[in-house]
Every structure is written in structure tokens, then in C-alpha cells.
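Participant: Here it is, the structure in full.
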Protein chains: 4
Amino acid sequence: MIRAGIVGASGLAGGELIRLITQHPDMELTFLGGSSHVGRRPAELHPGLRLDLGLTVEPATEATADRVDVVFLATPAPVSAELAALFADRTAAVIDLSGAFRIRTPELHDRWYPKAKRRTDLADRFVYGVPELVGDQMADAALISLPGCYATAITLGLAPLTLGLGLDLRTVVVDGKSGSSGGGLQLRTADLHPLRNGAIAPYAPVGHRHAAEVRDFLERNKPGSVGSLSMSAYGVSHVRGLLASSYVFTDEAVDQRELQRAYVRFYKEHRFVRVRRHAETLIPVPDPQAVLGSNFCDVTVMHDDESDRIVVLSALDNLVKGAAGQAVQAANKRFGLPEETGLTMQPVMPA
Amino acid sequence: MIRAGIVGASGLAGGELIRLITQHPDMELTFLGGSSHVGRRPAELHPGLRLDLGLTVEPATEATADRVDVVFLATPAPVSAELAALFADRTAAVIDLSGAFRIRTPELHDRWYPKAKRRTDLADRFVYGVPELVGDQMADAALISLPGCYATAITLGLAPLTLGLGLDLRTVVVDGKSGSSGGGLQLRTADLHPLRNGAIAPYAPVGHRHAAEVRDFLERNKPGSVGSLSMSAYGVSHVRGLLASSYVFTDEAVDQRELQRAYVRFYKEHRFVRVRRHAETLIPVPDPQAVLGSNFCDVTVMHDDESDRIVVLSALDNLVKGAAGQAVQAANKRFGLPEETGLTMQPVMPA
Amino acid sequence: MIRAGIVGASGLAGGELIRLITQHPDMELTFLGGSSHVGRRPAELHPGLRLDLGLTVEPATEATADRVDVVFLATPAPVSAELAALFADRTAAVIDLSGAFRIRTPELHDRWYPKAKRRTDLADRFVYGVPELVGDQMADAALISLPGCYATAITLGLAPLTLGLGLDLRTVVVDGKSGSSGGGLQLRTADLHPLRNGAIAPYAPVGHRHAAEVRDFLERNKPGSVGSLSMSAYGVSHVRGLLASSYVFTDEAVDQRELQRAYVRFYKEHRFVRVRRHAETLIPVPDPQAVLGSNFCDVTVMHDDESDRIVVLSALDNLVKGAAGQAVQAANKRFGLPEETGLTMQPVMPA
Amino acid sequence: MIRAGIVGASGLAGGELIRLITQHPDMELTFLGGSSHVGRRPAELHPGLRLDLGLTVEPATEATADRVDVVFLATPAPVSAELAALFADRTAAVIDLSGAFRIRTPELHDRWYPKAKRRTDLADRFVYGVPELVGDQMADAALISLPGCYATAITLGLAPLTLGLGLDLRTVVVDGKSGSSGGGLQLRTADLHPLRNGAIAPYAPVGHRHAAEVRDFLERNKPGSVGSLSMSAYGVSHVRGLLASSYVFTDEAVDQRELQRAYVRFYKEHRFVRVRRHAETLIPVPDPQAVLGSNFCDVTVMHDDESDRIVVLSALDNLVKGAAGQAVQAANKRFGLPEETGLTMQPVMPA
């Protein structure tokens, strides 16, 4: 059994990690860390999880390393930066869900994460990426940094164009729509139910940092493949799941059939990415409600002949494939388990 | 592997059965039945379930019996009444989720299910009940009838009072609140999103037939234990999950501490019933969002000293513990598996 | 023009008072009071109200009295208790929306409002009640106290039974379902959108103080008419509007037809109370979505022959008929205007 | 009093017209038309509207013209095309809310409205446009065609750029997010509450006809001002209100300050368009919840320095400013009333 610890156990991603790890056949939860809620049991923090784990929240210290083989950091970027240093070389794997080690280009990191000072000693040792897109790198990686929820969806949506078809994307306009769980449980007036329900809240109409993260990754993997990539993000009136719409303009000729084939081929070996046709079921897809609770990312690609653009839609559960599920998937790769171990749950729909 | 078939595979309970059976380690799905949508694959009917099962919807016939060990009837009561006759004595187990065989008292059955003519040849052979409350009966039962979603919640809420504490309940007033998935996917104007969202719809202020079902069961198990039991039911503005509030007036003296102990004791051996204190977590419980997607029924009991009544709240996911999950639980009992096999998933919350 | 001031202008009821008063043909808003948000304009506090009133939030002082003919106190009970003393005898009308002066029986007041010390000098001078049920008393009242949102709905639902038909109600069980706006905009984790959406939150399963308020009023108006009255309250997954279900057991014989007639007759002259049949429209009524934004209270009465009980359902918009609208209605009566002045807006539905 | 008739009185826009006209000081409702629901009273069709109008739904005929001064056509485009011919020259004003007469360029009309054959005899007599953008044309127009809900929002968002600042917009990418009321009350499985709640439904990822409508209008008013304009539309999990996001790329230099000033100046005289700063209130705006039930369109413009694009957000209530409210506004202009007559209601928020 792989001994797993979570820091940030009281947050939403932390709760989701508890859910997934306690369902995992080859992992056992041995540590719950956090700086607040110390002494609390999971059920007190996560209303659904009334489990008898015999664990309560504790501060993470150097001694914690002896109790875990892998530690998941579900902490804010500045905290992750410090904890990574604490656990690096002391545990077999550190898996960071924050933005502390995502952006490789130093100036870009400093610009978008000014509060999480770049750890130059560690930054280059981290393997970053959507597990589907980094090949075997995670198998040997003691330090793993995972993309943000939007970055995961957008990158999975665009990679078949740049890395599969080899297209150069002149202009990419991303419009992101997500539920309220994306904002966590911080006390903000705008996130109270009366003001958030029924909203279409333009919370980041310009300047979302996941845009920089995506471009940084794609450009590193195929220099020159992305001209401009801009993003606007909106909170809509549900809780879990996001849809990223990427509107792509390219100078190269490509048609619907070619696109569809390329996407199917690109993800043939990757069971968590489901390439779907827009009208293949009762409701138009992809729709985040159709992946709820699961580790799937649904992707649809369409050529808009009218305006000569490519429309790529990608939907995922921000707490699973966008956070905790992807983290477990990365851990599976790190420890040589089949990628889907403990992650085979189907979506809960309708919900 | 237990070969399982589903009739009514295109409905919501049918979809949930597909989800659970394909995740079950000891069952395999070998038949999808239905009279409409013949020829369709699961993904076309259930947007979340893009599975490669090699099955499409077929009409159920006598020959179907050879392909299954257990058949789940997720069909309307009149259809179940016919199919039960078709499959009885031809398969090892028939598990009916409808109301066709729930009410034992013949006059009551005829009154509440006038369209599902009582099959006198079969009715008495059916074991009916919440699996937690029928002991070992299901192990030997070839024919099993499961309670309605509300009946499950209310019965689990009241049983510790009558069967545990032996109280006589003079008057029970039940107020039920459920999401829209309780009504299925029939095309009714009142169920369109614009009219159903934001609603508190008093769809059955008087005359809900689950009240008769509950009383029939409790009275059979402890005659004289329930004086009057009335029920009113409301649709509220979410999709999945229900809360049943039972307001109980009894002439016998009982206090909070005694009640709490009795409930904990009564369900000590039953992992799917979680006896919870009202304030044990971040949100007041029980709340159906805290059991979403799982087979749990959360129960809270309180003594209202002010008005000398007992307040029992029970919450469950109407499609899982109130339908498909409970059906798999019954099948597990029937086939000698541990009750929780394939049903260990934790709630997906928040969603 | 009647000069109107609001204290508590930054809260939800305060915002609704601004909305209604600025639409009122015979009132003008001359004062916005509050202890927090001093200096803010309405648009900064109420996202929908981008008005050019030339007013910002100020502390209420004795001098405020000179600028207003009527002051609406949309403040917590302890604050209202103090402000009432400040404004009494200095303005033509003080209209309190809080619980400070609702319960007449001193012991009951102290029990349910321990933090709002009873002002014995003022308490008896307040006229309390739903405007429809106090006849002409408000015309001469300088001090008016209005019922809570639930109390308004329940009292309007029960009054035709006790005051109209003269029934004695042995046992009344009230089950209340309301949206999240009932809890205001205080920062509580349980009220954040991710935890509140999809909830059926049993926030007051026992001990809701509106039950005491209703019983106190009905008993004062017809002693002996209410035996026991208990209440349980739930937050459901929408924002605005509540439904109160009153389950009534009486020893006197009465049937559906008699009940329906009695209700229609009782409210014949009261345009804000709409007596509705359960199935008179596309959706079952009463449903709070069908009164949204309006000053209507919809009431339906049904006799449940099965269990020999009376089911009374009453729905209203908790911020309008349950707060700001009712306050304007009371002010209209106080100043001799037709009751409906400025309150003729129809419900906004669907929303 | 202006005598007003509505055809399509049973639909959502029809219901909203009833709400607004019965609140209008200078209009009276004299005719309710429709081909279905004949004989029904408004309360039977619109659960919120329990009015005593003495009207029931009737078929529209030539004789209807004698009973009305203005007829509002809230009918599908093919029906409007026929009814326009019936009422033209027989009533003082025909106001069409459908797409029958929106697109001027004949080929474009035929392409996007193949079922509503172009009435060449009438098409050129119709004045089409957002009332704010057509100057005095509606004062003399017997035939008025109003933009679709999305077209209204997008056009109001872009007009200050092309008509105000005189910019040429190289590429415009529109992403539209709307509630379920936009789809009306037709019985479609995908619109049932269980499948629609919690959805982000990409119902028109390519090929939304409002894009053609907007471009046709802007190009007619300033030829060459719009290069390409593409649109994708999504249904999100609320009922009423839409947000249109227009991402604009232009070759001309412009900065935030200039943009803000231009928008304020452009709409200075138009009270229904509120130019708002993104952070001016408790929640980020524009957000359709902040205009609910009102005739406002909120517009925000931002320059994204990062990607050198202009982000324009416009929000409105699709049933008011996007349909019935705008129609009344047009009628006001037609009959020489102040534009805002009967339309001064403030938003109902939170709801």
C-alpha cells in the first residue's frame, strides 16, 4: 500500500483527495495536514465524508515525511513553494496542485505568481503537465506539478491541434465558464448564495493566469505554435465543473473530418479523454454535468465554415480531472500503477 | 460473475443501474431491456455514460431469462407486474423497483395502484422491504420488491422508534422535499427548466401513496404502532436527493439522549445508514447533498421539548439508496455477497 | 410627497425598500442610514440599483427625524429597539421590520429575543400585525411593528380558520421552506454558494421563533384557538421566496368546499392575498416563484380526507410581502393612501 | 389609452407583454391572440399573472384590427410573416418580436430564416433596430421589427465602437451565455429540469443566426466596419437573463480611458443602457442578475492590454429588454410617449 498524505485537507480539493484516496485499492491515507482546523476529523470539514480514518488535521513538519510515500499539496501557491522544499528528497513523491511550479519561464512566473517566490533550486526538478501529455516523465519524477483546472481543459483541447496536427495557431480566444467550487470556500460576499445563484459573473474578463500557463506549455513543446492566446473567465450558476471554449484562428486549411480524426487518434490510448460529437446524446456535449464526479475530460472539436475558425470545447470536473483526480492519476504513474487505478468511477448524472 | 439485466434501461433509474453494475466487481451487464429506444447504446440515452458495453436496448422476452441471473425491473408498476410473471421461476432473482408489489394489504394495493392489477399468484412470494429491515429474508428470495425512494427514507427514519424503542406513534406528519429527478424524464410542461427552477412545487400536498406503503410495512411488523400517518410532498430546486421530515407525536415519554442512543444502536451494524447529529459538520445535516451519488441514508433524530414531538429527518439520493443502489444491495444479499459490494463510493460533494 | 428614510439600507430588506420607495408615486427617499458602509451610494451596495438619488449611507441620529416623515427600520432587533426610542415622537411614523416589538407576551418576548431587551415604555404603543388583519389600527399608529416573513405567511394562512370560521386548532405543524435571501448577506461558510446550492438545509428543525410570534398573535385575537403550534424550517436551493405548509388538526368537522368558500370570503377585500386552487395553472400552486418581486401572498387550502387534516399552503416573496413591500403597505395605511399605492407590480415569472 | 393586442399570448414573451402592458399607464390590453390555448385566461397560462382582464385567448383575424391600435407579434417567424400582412395598414402599429423582418440583405434572410419566406412587399417598410440606435425612425413607423435578445445585447455593446468611435473591427468573436427561458416552453427532453439544471449546454457552438443579424445591421450603418463576426451560444443554469461577451480585435489604437469615455458619451441620453465599471459594486458586473425584470442593458468595456483586444460585456433580461420591454419601448416611441413610460421598474435582485 502506498502511504498518502494530504496538506490542505480542509479545502475542497483536499476533501476530494480524501474521497478518492479512501476509494483507491492501493493507497491508504496516513496523514491529513493543514494549518487551520487542526484537530478536526474529516467529517467535521467535509459534510459528505463521515469516515472512520482515525486521522485528524495536523501541521505538516519534517517528521511527516516518514509517514508518507507521497504527499499531495492542495495548498495555495506560496505555501506549496515552502512545503515542496520541506518534502523534496524526504518522500518518494511530492505532487503539487498549486501554481507554484507551473510556469517555467521565470519572468512569466514572477509576473503571474508574485506572491509565490520562484524556488530556483526546485523549479527545474518539477515535471509539469497534464499526465496525458508528458509521456513517461512522471514515472521517474519525485516532484510533480499539475496544471490548473482551466489549464488542463484548454491544453487537452488544443494539444491535438499543435502537437497532433502540427498547426500554428495564430489567435486563440478562450472563454471559460465554471461553477462556484472553483473559488473554494473563502468568505467573500460575492460568493454568498444569494448573490452567486443565477449569476453569470465575469470574474476575470481579462488577465486570467491560466492563459499564460497554457501558452508557456504549448510553446515549450512546439515553439511558435501559438501566436496570441487570451482568456476571459465567468462564474455560472452551478457548483462543480467547467467548460472551456477555445476559438482558434489558423492560417492553415483544415476541415471537420480531418479535425475529428486527428482528435480521436490523438487520444486513442487515453481513456480519461473522451472525444465526443456535439449531438451524440440527449443533450449537446461536452457539458460538465456529463463528467461530474469522474476523472474524464470530454472534448469536442468543430470547424466553423462560416467564420473559418476552429471551435474546441473541453469539459471536466474541476475538483477531479482538474485537481484531485488528476493528482491521483499522476501518483499512479509515479508508482507504476495503471493510470486509472482508483479512478474508474463513472459520472454521477443527472445531479 | 453474476449476469445482470436491466429492463427500463433508458430511464433515470436504469441509467443509474448501468453506472453501478459496470462498477461492480462481481456483476456483469448482459442485457439492456426496454420497449422504447430499441437499438440505442447507453451513451445515446445517458450523456455521462460513454461505455463500450457492446449492448443496445432490446425488448425483454422469455429468452432473455437465459442471459441473466438477476433482472432489475426499473419499469412502471403495470409493466413490472407483467414482467415479474415473465421472469419468475426463469431467473435466479427478479428485483422490482416499482410499486407493483410493495403494498401487501390487497385493498390498499388496489386503491393506490389501480393500474397495476394485483398478481395474486406472485404477490405473496415477493419479499418487500428496505434491506436493512428485513433481516436475512432476501438471501432466499427469488422475488424482491423494493420500497419507493420516499418510503425508504421514512421507514429508515421511523423504524428505530417502533421496532427499536417499541413506541406507539399516535400521529405522524411527513413533509417530503425532493429534487426534479424524482419525476423522471417524461415530457411535462411543469417540469421544463424555466418553470421548475426556483420552484417550491407542492406536487402532492395530499394523497402521496408512499405514506400508505410505509404504514402498511410498519403496521405489519408491529401492529398498532402507527396511528395516523399523513404525507405532503414538494419538488424543490435541485435535481438529485430528497429529505423526508417526519413529525411524530407519541403519548410515551422519551428524551433526546434516549432517542440518540436508540438510533445509534439500531443501525450499529448497518453501514449505509449514518446516524448524524444536526450540527456535526459545516452545514446542518441531514442534507441530501451530503449523500449525493452514494448509497447512504443519513438520519437525525431530535426531541422538540417545546412542542413535545419527535422530529426525524432522513436524507438519501433517490436514484441510489432510493432506487438503483438499494437494488444492487438487495442483489448482493440475494447472491450471498457482502451487502456493500460495488457500493462503497463516497458522496460527491459539493456538487 | 411623504419623506421616507431607511435605516439598514445596505441589507437585503434595505435594498428592497430602496427599490420600492423610488418607484412609489407619493414617497421620496430622503435618508439612507446605517452604521456600516457609511458614505456609500446605493449602487455600490445593491448591484441592481444604479440610481442617481444623491444619497449616501449616514449614521442615524436625532437630527435625522427632521428629514423624514416615516422611517423604516430594517435593522436587527437590538438596534431597532434603540432606534425606535430615538425616533418615537419625533417622526410621524416608525415602521419596524425586526422582531423587537412583535411578541406581546413579555415572557415570550424575553425568551425568543433575549438580546433585544423589551422596551416596556414603547412596546404597548406599537401596533403589530399583518396589515390585512389589523383593520384600521395602522391609520392612527405612529409606531408599527411588522411580522417576520414566515409569520406573515403562516398567519395569513391560518387566520381564515380561527378568525373566519372560528375553528379551534388542536395541533398545527408548520413546515417552512425558504430561499437563501432569508439569511441575509452575513459571511457564514454554510451560506457560500458551493455548500448552499443543491441543499435542503434543516437550519431550524426545532425552535423557530416565528412559531411563537404566530401563536401569540392568533391567541390574542381569539383566545383558545390554537392548541400546539410547532415549526421546522429548511433552506432550499433558490434565492427569494418561501412556502409555509401548515398541517392542521381540529376536532371540528369541515370540508373542502366550506374551507374554500371561507378563504375566498375572508380575503375578498384584500387584493394582496390571492386564494388559489392547487391546479388552476400550469404548475401546482402556491409556489413562491409565482409571486416573485410582488407584494402578493398566495394561499391554498385543502382538506385531506384521508388523514382528516387541513393542509394550508402560503407562499410569498420574503423580501416584499415578507418585508419591504409589507412595510410600504403599512406606511400607505398610516398616511391614508390606498393600500396598494406603489405596490402594483406583477410577479416576475419565470425567473 | 392606446389599445394593445398580443398574438402569441401564451408564450413567455407573451406573458411578459401582459405583465408590462397591464402596468403601463397609457395602454390597455384589449386582445389576446393565439392559435393554441384558445379560450384560456392569462392565469391559466402564466402562473404569476392572476389578473381580472376579462380576456381569453382568441385566434387573430382581420376583425382583430378594429380592436387594437398596436399589435405585438410574439410569434414564430413564419407566423409573424403572415400576421404582419394581415395587420399592416389595418392598425396604427405592428410590432414584431420575431426574426421575420430582421435581416435586410435578402440572401442572408433566406439563408437564416428559410421557413419564414421573405415578404418582399413588406420587408422594406419595416423599421428594424434597437430603439436606442435608430433615432426617430420609429416615431413614424407603422411596421417595426425588433432585434433578437442576443442581437440587442451585442449591438448595444458594439455600436459605440463602430458608430461612436468609428473603429473598424477586424475580428469579433462573440460568446453568449443565457438562461433557459431563452428557449421558451416547448417540450424537449434536453430542456427538462433534471438535464438542464447544472448544465453548461453548448447549444449553438457554431451558426447562431443572431450573428448575421448584428453584422447586417452594423454594416448597413457603417459599411466596412465589421470584418468577421462569429458567435457561439451556451445555455447555463439559471432561467432569465443573458450575457454577451464580445472579443474585438481592431488594428486601430485605443486605450481603456478612451473606450470608457466613448461609451459613457454614446449612451448619455439613453437611460436604459447603463455603462458600468467592472468593479463598481459588490459583484463583478455586468451580470444579468443585476437587470432582472427590468428594461436595462448593462454594458462594460475593457481594454485587454495583454492581448491587445477589446472586451465588451453586455447583459440584459432576455424577456424584457430582449423582447417584451423593448417592444413596449418601441411602441412608446411610435405613439409619441416618453420612451420609458411603463418601463421604470427597477431590477429585482437578488432573485
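Participant: Being closer than 22 Å to D:Phe87 by Cα, more than 24 Å from the chain's Cα centre (by Cα), open to solvent by less than 40 Å² (accessible area, probe 1.4 Å) and at pLDDT 95 or above: is that true of D:Leu32 here?
Facilitator: It is false that D:Leu32 is closer than 22 Å to D:Phe87 by Cα, more than 24 Å from the chain's Cα centre (by Cα), open to solvent by less than 40 Å² (accessible area, probe 1.4 Å) and at pLDDT 95 or above.
Participant: So in segment B:41-57, with the set limited to residues that are more than 10 Å from chain A (Cβ to nearest Cβ) and touching a residue at least 24 places away in the same chain (Cβ under 8 Å), which one is nearest to the chain's Cα centre (by Cα)?
Facilitator: Once the filter is applied, the top-ranked residue is B:Val57.
Participant: Still on this structure, please answer the following. Search segment A:201-230 for residues that are closer than 30 Å to A:Thr189 by Cα and pair each with any residue that is of a type in the set (Phe, Trp, Tyr) when their beta-carbon atoms are under 6 Å apart and the residues are at least 6 apart or on different chains.
Facilitator: So the pair list comes out as A:Pro202/A:Tyr234; A:Arg209/A:Trp112; A:His210/A:Tyr150; A:Ala212/A:Trp112.
Participant: Next question. Inspect segment C:304-316 for any residue being within 12 Å of chain D (Cβ to nearest Cβ) and among the small types (Gly, Ala, Ser) and give the result as yes or no.
Facilitator: Yes: segment C:304-316 contains one or more residues that are within 12 Å of chain D (Cβ to nearest Cβ) and among the small types (Gly, Ala, Ser).
Participant: What is the number of the single condition among (1) within 14 Å of another protein chain (Cβ to nearest Cβ); (2) buried (at least 22 other Cβ atoms within 10 Å of the Cβ); (3) closer than 21 Å to A:Thr91 by Cβ that A:Gly15 does not meet?
Facilitator: (3)
Participant: Quick one: which of A:Asp216, A:Asp191 is within 8 Å of chain C (Cβ to nearest Cβ) and either under 18 Å from A:Leu242 (Cβ atoms) or within 23 Å of the chain's Cα centre (by Cα) (or both)?
Facilitator: Result of the check over A:Asp216, A:Asp191: A:Asp191.
Participant: A further question on this structure: Let me spell it out: the conditions are (1) aromatic (Phe, Trp, Tyr); (2) in a helix (DSSP H, G or I); (3) under 30 Å from B:Ala351 (Cβ atoms), and D:Phe217 meets all of them except one. Which number is the exception?
Facilitator: Among (1) aromatic (Phe, Trp, Tyr); (2) in a helix (DSSP H, G or I); (3) under 30 Å from B:Ala351 (Cβ atoms), the lone unmet condition for D:Phe217 is (3).
Participant: Which members of segment B:289-334 meet the condition of being hydrophobic (A, V, I, L, M, F, W, C) and under 22 Å from A:Arg19 (Cα atoms)?
Facilitator: Once the filter is applied, which keeps residues that are hydrophobic (A, V, I, L, M, F, W, C) and under 22 Å from A:Arg19 (Cα atoms), segment B:289-334 yields B:Ala290, B:Val291, B:Leu292, B:Phe296, B:Cys297, B:Val299, B:Ala315, B:Leu316, B:Leu319, B:Val320, B:Ala324, B:Val328.
Participant: In segment A:63-86, what residues are within 22 Å of A:Leu337 (Cβ to Cβ) and buried (at least 24 other Cβ atoms within 10 Å of the Cβ)?
Facilitator: Result: A:Val68, A:Val70, A:Val71, A:Phe72, A:Leu73, A:Ala74.
Participant: Could you tell me which of the residues C:Asp216, C:Asp287, C:Asp251, C:Asp298 is of a type in the set (Asp, Glu), under 14 Å from C:Ala153 (Cα atoms) and touching a Lys or Arg at 6+ places or on another chain (Cβ under 7 Å)?
Facilitator: C:Asp298
Participant: Kindly check whether there is at least one residue in segment C:325-344 that is more than 13 Å from chain D (Cβ to nearest Cβ), touching a Ser or Thr at 6+ places or on another chain (Cβ under 7 Å), crowded, with 24+ Cβ neighbours inside 10 Å and under 25 Å from C:Met231 (Cα atoms).
Facilitator: yes
Participant: Sticking with this one: I'm checking my understanding of the structure. Among residues of segment D:190-238 that are in contact with a Pro (Cβ under 6 Å, 6 or more places away or on another chain) and hydroxyl-bearing (Ser, Thr, Tyr), which one is most open to solvent (accessible area, probe 1.4 Å)?
Facilitator: Taking the candidates together, the pick is D:Tyr203.
Participant: Kindly provide the set of residues from segment C:220-273 that are more than 8 Å from every other protein chain (Cβ to nearest Cβ), more than 22 Å from C:Met349 (Cβ to Cβ) and part of a strand (DSSP E or B), ordered by number.
Facilitator: Residues satisfying the conditions are C:Val226, C:Gly227, C:Met231, C:Ala233, C:Ser246, C:Val248, C:Thr250.
Participant: State all residues of segment C:296-330 that are closer than 22 Å to C:Val173 by Cα, of a type in the set (A, V, I, L, M) and in contact with a helix residue (DSSP H, G or I) (Cβ under 6 Å, 6 or more places away or on another chain); if no residue qualifies, say none. Step through it out loud before you land on a result.
Facilitator: First, the residues of segment C:296-330 that are closer than 22 Å to C:Val173 by Cα: C:297-318, C:322.
Checking the rest, the ones that are also of a type in the set (A, V, I, L, M) come to C:299, C:301-302, C:310-313, C:315-316.
Within segment C:296-330, C:Val299, C:Val301, C:Val312, C:Ala315, C:Leu316 qualify.
Participant: Let me ask you something else. Would segment D:166-175 turn up any residue that is among the hydrophobic types (A, V, I, L, M, F, W, C), more than 10 Å from chain A (Cβ to nearest Cβ) and not in a strand (DSSP E or B)?
Facilitator: Checked against the condition, which is being among the hydrophobic types (A, V, I, L, M, F, W, C), more than 10 Å from chain A (Cβ to nearest Cβ) and not in a strand (DSSP E or B), segment D:166-175 yields at least one hit.
Participant: Are any residues in segment A:149-181 among the basic types (Lys, Arg) and open to solvent by 10 Å² or more (accessible area, probe 1.4 Å), and if so, which ones?
Facilitator: A:Arg170, the sole residue that qualifies.
Participant: Determine whether segment C:27-38 contains at least one residue that is under 24 Å from C:Glu339 (Cα atoms) and in contact (Cβ under 8 Å) with a residue 40 or more places away in the chain.
Facilitator: Within segment C:27-38, one or more residues are under 24 Å from C:Glu339 (Cα atoms) and in contact (Cβ under 8 Å) with a residue 40 or more places away in the chain.
Participant: Return the residues of segment D:128-148 that are of a type in the set (A, V, I, L, M, F, W, C), outside any loop (DSSP other than H, G, I, E, B) and either open to solvent by less than 10 Å² (accessible area, probe 1.4 Å) or assigned by TED's automatic domain parsing to the domain that holds D:Leu259 (or both); say none if nothing qualifies.
Facilitator: Across segment D:128-148, the qualifying residues are D:Met138, D:Leu143, D:Ile144.
Participant: I would also like to ask the following. How many residues does segment B:1-12 contain that are surrounded by fewer than 24 Cβ atoms within 10 Å (Cβ to Cβ) and of a type in the set (Val, Ile, Thr)?
Facilitator: Going through segment B:1-12 one residue at a time, the tally reaches 1.
Participant: Does any residue of segment B:292-303 turn out to be in a strand (DSSP E or B), facing another protein chain (nearest Cβ under 10 Å) and among the hydroxyl-bearing types (Ser, Thr, Tyr)?
Facilitator: Checked segment B:292-303: at least one residue is in a strand (DSSP E or B), facing another protein chain (nearest Cβ under 10 Å) and among the hydroxyl-bearing types (Ser, Thr, Tyr).
Participant: Let me spell it out: the conditions are (1) within 12 Å of chain B (Cβ to nearest Cβ); (2) open to solvent by less than 10 Å² (accessible area, probe 1.4 Å); (3) closer than 26 Å to A:Asp175 by Cβ; (4) not β-branched (Val, Ile, Thr), and A:Ala279 meets all of them except one. Which number is the exception?
Facilitator: Among (1) within 12 Å of chain B (Cβ to nearest Cβ); (2) open to solvent by less than 10 Å² (accessible area, probe 1.4 Å); (3) closer than 26 Å to A:Asp175 by Cβ; (4) not β-branched (Val, Ile, Thr), A:Ala279 violates only (2).
Participant: For D:Gly135, which of the numbered conditions (1) over 17 Å from D:Leu218 (Cα atoms); (2) free of Cβ contacts under 8 Å to residues at least 12 places away in the same chain fails to hold?
Facilitator: (1)
Participant: Within segment D:299-351, which residues are of a type in the set (Lys, Arg) and not assigned by TED's automatic domain parsing to the domain that holds D:Asp251?
Facilitator: Listed by number, the residues that qualify are D:Lys321, D:Lys333, D:Arg334.
Participant: If only one of A:Ala60, A:Ala100, A:Ala93 is open to solvent by 10 Å² or more (accessible area, probe 1.4 Å), of a type in the set (Gly, Ala, Ser) and either touching a residue at least 12 places away in the same chain (Cβ under 8 Å) or not assigned by TED's automatic domain parsing to the domain that holds A:His210 (or both), which one is it?
Facilitator: A:Ala60
Participant: Of all residues in segment D:255-273 being buried (at least 21 other Cβ atoms within 10 Å of the Cβ) and touching a strand residue (DSSP E or B) at 6+ places or on another chain (Cβ under 7 Å), which is farthest from A:Pro202 (Cα to Cα)?
Facilitator: D:Phe272
The values are calculated or read from the model by the stated rules, or taken from the named source; none is laboratory data. Because the structure is predicted, anything quoted here is derived from the model rather than measured. Every residue, glycine as well, gets a Cβ built from its backbone with ideal geometry; the counts of neighbours run over all protein chains shown. Keep in mind that these areas ignore ligands, DNA and RNA; they rest on the heavy atoms of the full protein, side chains included. Shrake-Rupley method; radii C 1.70, N 1.55, O 1.52, S 1.80 Å.
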